[in-house]
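In what follows, a structure is listed as structure tokens, so that the remarks can point back to it.
The values are calculated or read from the model by the stated rules, or taken from the named source; none is laboratory data. The model shown is predicted, which means the values in this text are computed figures rather than measured ones. For neighbour counting, all protein chains shown are included, and Cβ atoms are generated from backbone atoms with ideal geometry for every residue, glycine included.
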Amino acid sequence: MPGTISVEQRGRVLLATLSNPPHGLMDQPLVAALGDLVARAEDDDSVGAVVLTGDHPERFVAHYDVSELLAGAEGSPAVSPGPARVALRAVEAARRVPGAEAALAGTPVGGMVALERFHEVFLRMNACGAVFVAALNGSAMGGGCELALACDVRMMARGDFGIGQPEILFGFPPGGGGTQRLARMLGTARTLRLVLDGGPLTPDEAKELGLVDEVVEPGELLDAALARAAHLGARIKAAVAASKRAVYLGGALSLPDGLRTEQAEFLSTLGTEDARVAMRAYVEGTERTGSLPGYDRETIEAALARGRFA
């Protein structure tokens, strides 16, 4: 059966459960379902956060379906990195033409189309105004690890589980963003050791390295993830999206270019109605009390709970 996602809305949080029995694999249908989920999170103002978890008793997402990768490898010619970069740019441009993606899917470049779609979904998560929380209920290897890396917060159940990038053991590097997101998160040296080894990290090892934010008892994981998502999901979506773009995209640029990215995101949200309301409330509070609301403990705690000064 192809992978599916069941979605339940709890306040401003979408609880999205990934399912692909019997093994909990990532495949193209699951990627398509993730794309639909991200679109809903982007477009629905009632959604401030998404919690991703798996329905397999021992796995968040096992890894990408190796049979899909093998079929793509056997159905396409071998290509060196230089021509591959050129071909990927061409495929990216072609996908913008209506109907072209479906037409390309059955050709020798179909694997490139699928890879571009995979990356596009994850990049949209990184630019989305909703916060994505990975509730890692079990192991997450390969594409499962890469999905977790594309999330903004990672919480993992304590237990005999692993997380990592085993692709080197198949003769190729990670292809779903693992090298790039890990390098930005952990640094070059740690990332290279993980990628070259290919073995899994335990939940505690992953937390110690900074790959996951928190390790939680299995029975408490979902409630803890939903609480974290509800807290962060209360913030103004335009500000969340701008902050994520500035960090994820601007943080990979040179300092001058990264600063310009931050400035552009700052200016694009400064004049929004939500921002004006919050700033007006802060100024009025200062005038009314004669002190700065941001230094009053009760006021700042209320603002953190609401997600804004108001």
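Looking across the range 45-87, the residues that are among the hydrophobic types (A, V, I, L, M, F, W, C) and surrounded by fewer than 17 Cβ atoms within 10 Å (Cβ to Cβ) come down to V66, L70, A71, A73, A78, V79, A84, V86, A87. Screening V79 on (1) within 30 Å of E265 (Cα to Cα); (2) not in a strand (DSSP E or B) shows it passes everything except condition (1). Assess whether V133 counts as being assigned by TED's automatic domain parsing to the domain that holds A78 and modelled with pLDDT of 95 or more. The answer is yes for V133. Cβ-Cβ contacts under 8 Å between residues 6 or more apart (or on different chains), taken from a first residue in the range 1-18 that is on the phi < 0 side of the Ramachandran plot and modelled with pLDDT under 95 to a second residue that is of a type in the set (S, T, N, Q) and not in a loop (DSSP other than H, G, I, E, B), are listed as P2/Q28; G3/S19. May I ask you to list the residues in the range 230-277 that are of a type in the set (V, I, T) and within 19 Å of N126 (Cβ to Cβ)? Once the filter is applied, which keeps residues that are of a type in the set (V, I, T) and within 19 Å of N126 (Cβ to Cβ), the range 230-277 yields I236, V240, V247, T261, T269. For first residues located in the range 274-289 and under 12 Å from R308 (Cβ atoms), partners that are surrounded by 13 or more Cβ atoms within 10 Å (Cβ to Cβ) and among the acidic types (D, E) and lie 6+ apart or on another chain with Cβ distances below 7 Å do not occur.
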